[in-house]
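The values are calculated or read from the model by the stated rules, or taken from the named source; none is laboratory data. Please read these numbers as outputs of a predicted model, since none were measured by experiment. Here the Cβ positions follow ideal geometry from the backbone for every residue, glycine too, while neighbour counts run over all protein chains shown. We work out accessible area using only protein heavy atoms, side chains counted, and drop any ligands, DNA or RNA first. Shrake-Rupley method; radii C 1.70, N 1.55, O 1.52, S 1.80 Å.
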Amino acid sequence: MRSRGMAPAETAPAETAHQVRTAEMHHGASATATTGTEDGVRPRTRTRAVAALGALAALLLGALVLAVSIGPIQIPFTETVQVVLGNRSSEHASIIDSIRLPRVLVGLFVGAALGVAGAVMQALFRNPLAEPGVLGVSSGAAVAAVAVIVSGATAAGAWVLPLGAFTGALGALVLVYAVASARRDRSIATLLLIGIALNALFGAVVSAMVTNAPNDDTLRGVVFWLNGDLVARTWSHVQMVVIPVAITLAAVLVFTRDLNVMLLGEVQAQASGVDVVRLRRVLLVLAAVLTGAAVAVAGIIGFVGLVVPHLIRMVLGPDHRLLLPSAALLGGTFLVLADLVARMLFSPVTLQTGTVTALIGAPVFLLLVLRRRRAPRT
Amino acid sequence: MSASDMSANGTAPAPHGLRADGITVEIDGRTIVDDVTLAAQPGQVLGLIGPNGAGKTTLVRVLAAVATPARGEVRVGGRALRRLPARERARQVAYVPQDTALDFDFTARDVVLMGRHPHVGRFEPLRVADHDITDAMLAEAGASHLAGQLVTTLSGGERQLVHLAKALAHQPEVLLLDEPVAALDLRHQLHVLQLLRRQADRGLAVIAVLHDLEQAARFCDRLALMQHGRLVVSGHPREVLTHTSLAEVYGVNAVVVDDVTTGALRITALDVLPDFAPVKR
C-alpha cells in the first residue's frame, strides 16, 4: 500500500513557535521540489497574528482608560488607572466606580459580542454584508422589549426588560427553524428568506405597539431602546452581560477552523469533513445568544456587527483564528469610543450610542465598499 | 476477471475502493441518475464519460456524499458512506468540484491546509506534519509557486490546481474529480492527468469526469459511459469507445483507431448523425 504521508501523522503537536520553526528549517532543507518562497510563512503568519492582537488589545485598553477618564468631570489618566486597580483614596473613585466603569464595561462586552456575532453570521452566509440581526434575532428582541415597556412590566424589576429581550432574540431563532423545518429545508438561502420575512413582521408589530403607546414617557422609553444606548448602565447590567458573552465567545472560538472551511461553500465544507447542518445550528444559536445578550442590556445597536468584522477581514484577511478574537477586541473598542463620542461631542447635549455607531459606521462602511480591493494584498 | 466477479457477488467483499449500488437521483420528479451501479478499485483510474446532461456531475456528487440519492448506497472500504461521521467520510473520500470560485481572500496555501481539517480534532492544534503535507501536496499538484497568492486573484485553472492539492491533503482512499482538466492549458492538463495516474499507482481509487475521450482512453484503466442518467456500458476503454457506442450515445459517426504514439485510441468524429435524438425516449 501507499504511504500515508510525508511525515508520520501522529507527530506530537507543535506547542511552541520554536518547534514549528525547527521543523520548517528541516523541511526547507529536505524539500527540493518546493520553491523557497513559502519558507518562513508560518512564523511570519504567527508573528503577524500576535502583533495584530497585541495592537488591538492595546487599543482597547487605551479606549477603556480614555472613556473612563473623560466626562463632565475630567479625571487624569493615571488616577483612573489607579482607581481601577483598587486605589480608593481618589476623590473620583465613586464616579468611576458607580457611573463610568459599569457603562464602559457594558460597552466593551456588548461591542465584543456584536463584533463576533457579525463575523459568525458573515461566515455562515458567506456574505460580508450579513450582520447579527439578519435572521430576525434583533427585531425579535425588539418585539419582546417593546411589549415589556408598553405593558409597564418594567416596574417589576430591572431584569424584566433584559430577560424579555433575550428571550425574544432566541425565540426569533426558534421561529426561523420552526418554519424551515415545516418546509423540510434548512439551506442557508431558505433561512435567510425566512429571516427577511420575520424582520418585516417584527418591525410591523413594533410599529403597531409604538403607535398605540399609552403615553409619551412609554414612547420615549421605546425609542431609546430601539436606538440602543449605554446611558445609566449599572453593575447589574455588567453582571447580566458578562457571563453569557464570555462563555459564548469561548465556545465560538472552538469553531474557528470550521468557519474557515465553511467559507469554501456548503458543498466543499461538507466534503471537507464539516457536518454543515449541525455546525450551522450550533453557531446560529451561539450568535443569537451573543446578539441577544448584547441587545438585552443596550438595546439595538447597529453597524458594529457589520463594520467591525468587515474592516478586520480587509486588513488581516479572512482566517477566523485571527478574525474572531480581533472582532471581539475591535468591537469592544469601537463601541466604547462611540459611546464616548455620544456623551461628549455635543456636551451637554448627548446623542444615543446607537445613533453614533450608525453615524460613524455608515460612512466607514461606504468607504470600505468604495475601496473594496480587487488586487492582491501584497 | 473471475476473482473480481466473485468478490462482487459477496463471497469475498473487496475491502477497499468505492462501490455504488443502484444509485438513483430524482430532482423535481425528473430522474437525473437512473439505477447506476459501479465500482472503483484501488490502483485504478475510472473515467466517467458521456454527453452533456448525462448525469455525470450529479453521480459524482452522490459518490462524494454531498448529494443524497433517492435510492442506492455508496460504500467505501465496505462501509456505507452516508452513515460515516463527516470527518471520517472526508478522510475516505476527497472531492474536487467543477466550480471552485471563492470570494474570500485566503492564500492558496490556506485552502490546501483546509484539506487537513478531517485529520485534526477540534481541540487539537495543527501539527508540523499537517504543514509538511500541505507543502508536499502543493508541490505534487504543481502549485507551489501559487502558495502565497490569494485565491481570489488566481485564474480558474490555477484555482483548480489548488483545490486538487487540497483534495490530496485529505490523504483519501478515493479521489473524485469533476472535469479536473477542463479549465487547464495543455501542459497543465497533462500534468494533472499524469498526477491522477500516479495517485492511482500509489493505491488510490480515482474517479474523474472527463470530456476528452482520447485523454480518457489514454489515462483511465476503465471507463463508464453514461447517457440519460443510465450507465450504458463500462469496461476497458477499447470495449467502451467503439464506433457503435459513439454513434448511439454521442450521435456521431466516428472512426476509432489505435494511436501509434500513445498506444491508446484515436477518435475522429467525422460527422453528426442526422436522425439522432439527444433526449430520453
Take the Cα of A:S181, step 7 Å along the line toward its Cβ, and report every residue of the range A:276-320 whose backbone nitrogen sits under 19 Å from that point.
A:276-289
If amide hydrogens are placed 1.01 Å from N in the peptide plane, which non-local residues have theirs closer than 5 Å to the one on B:R230?
B:D34
On a C-alpha basis, how far is the centre of the range A:217-281 from the centre of the range B:220-275 in Å? Whole number, if you could?
56
Length gained when the stretch B:D21-B:R198 is fully extended (0.36 nm per residue, less Cα-Cα span)
61.0 nm
Heavy atoms of A:I194: accessible area, 1.4 Å probe, square angstrom to 10:
20
List residues of the range A:142-184, by number, whose backbone nitrogen lies under 12 Å from a label position 7 Å along Cα→C-beta of A:T234.
A:157-160
Which whole-number percent of Cα pairs in the protein assembly as shown have a distance greater than 47 Å?
29
Across 5 Å bins from the origin, how do the percents of Cα pairs in the range B:100-169 run, short distances first?
4, 20, 31, 23, 14, 7, 1
Interface call, the range A:256-275: threshold 20 Å², probe 1.4 Å, accessible heavy-atom surface of protein chains, chain by itself vs complex, result A:R257, A:D258, A:N260, A:V261, A:L263, A:L264, A:V267, A:Q268, A:Q270, A:A271, A:S272, A:G273
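Of all chymotrypsin sites (Phe, Trp or Tyr not before Pro) in the range B:28-134, which ones are in loop regions per DSSP and have a Cβ with at most 14 other Cβ atoms within 10 Å? Could the numbers behind the result be given before it?
Details: sites: B:Y95, B:F104, B:F106, B:F123; in loops: B:F104, B:F106, B:F123.
Those that pass, being in a loop and sparsely packed, are B:F123.
Probe radius 1.4 Å, ligands and nucleic acids left out: can you give me the accessible area buried at the B-A interface, summed over both chains, in Å² to the nearest hundred?
Working: alone 13910 and 19370 Å², together 28890 Å².
Interface between B and A: roughly 4400 Å².
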With a 1.4 Å probe and every protein chain left in place, tell me how much accessible area A:M240 has, in Å² to the nearest 10.
60
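Restrict the search to the range B:201-245; then list the trypsin sites (Lys or Arg not before Pro) that DSSP places in a loop and that have at most 15 other Cβ atoms within 10 Å of their Cβ.
On the way: sites: B:R202, B:R218, B:R222, B:R230, B:R238; in loops: B:R202.
Within the range B:201-245, the qualifying trypsin sites (Lys or Arg not before Pro) (loop, at most 15 other Cβ atoms within 10 Å) are B:R202.
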With each pseudo-label sitting 7 Å past Cα toward Cβ, what's the A:V223-B:L186 distance in nm, one decimal?
7.4
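Semi-axes of the equivalent ellipsoid for the range A:236-290, please: Cα gyration tensor eigenvalues, times 5, square-rooted, ordered largest first, whole Å. Write out the running numbers ahead of the final one.
Working: eigenvalues 156, 18, 10 Å².
For the range A:236-290, the semi-axes come out at 28, 9, 7 Å.
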Can you work out the Karplus-derived ³J(HN,Hα) for every residue in the range A:295-311? Use 6.51 cos²θ - 1.76 cosθ + 1.60 with θ = phi - 60°, whole Hz, and x for glycine or proline.
5, 4, 9, 10, x, 8, 10, x, 6, 5, x, 8, 6, 4, x, 4, 4
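How would A:R46, B:R127 rank on accessible area, largest to smallest, probe 1.4 Å? If you can, show how the numbers build up before the last one.
Details: A:R46 105, B:R127 30 Å².
From most exposed to least exposed: A:R46, B:R127.
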Quick one: helix A:41-69 against the long Cα principal axis of chain A, what's the angle to the nearest 10°, folded into 0 to 90?
10
Need one value for B:59-72: mean number of C-beta atoms belonging to other chains within 10 Å of its residues' C-beta atoms.
1
Take the Cα atoms of the range A:37-127, find their three principal axes, and give me the spread along each one in whole Å, biggest first.
59, 32, 20
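Per residue, how much accessible surface does the protein assembly as shown expose to a 1.4 Å probe? Answer in Å², no decimals. Before the final figure, lay out each step's value.
Details: 28890 Å² over 659 residues.
On a per-residue basis, 44 Å².
Taking R0 as 25 Å, what's the FRET efficiency between B:E239 and B:Q98 from their Cβ-Cβ distance, rounded to 0.05?
Values: r = 27 Å, r/R0 = 1.09.
The formula returns an efficiency of 0.35 here.
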Give the share of C-alpha pairs in each 5 angstrom bin for the range A:155-205, from 0 to the last occupied bin, in whole percents, shortest bins first.
5, 19, 22, 20, 14, 9, 6, 3, 1
Enter the per residue convex hull volume of chain A, computed from alpha-carbon coordinates, in Å³ rounded to the nearest integer.
181
Lys/Arg +1, Asp/Glu -1 at C-beta; chain A dipole; positive extreme among A:V369, A:A197, A:L351
A:V369
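Please state the charge dipole magnitude for the protein assembly as shown, taken about the Cα centre, from unit charges on C-beta atoms (+1 on K and R, -1 on D and E), reported in debye and rounded to the nearest 20.
660
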Can you pull the one-decimal nm distance between simple spin-label points at A:N127 and A:A57, each 7 Å off the Cα toward Cβ?
3.6
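If r is the Cβ-Cβ distance from B:F123 to A:A200 and R0 is 35 Å, what FRET efficiency results, to the nearest 0.05? Intermediate values should be presented prior to the final figure.
Details: r = 41 Å, r/R0 = 1.17.
Once the sixth-power term is evaluated, E becomes 0.30.
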Mind checking which of B:Y95, B:I32, A:A130 is farthest towards the positive end of the protein assembly as shown's charge dipole, using Cβ charges of +1 (Lys, Arg) and -1 (Asp, Glu) about the Cα centre?
A:A130
At R0 = 51 Å the Cβ-Cβ FRET efficiency linking B:A269 and A:V277, nearest 0.05, sits at 0.70
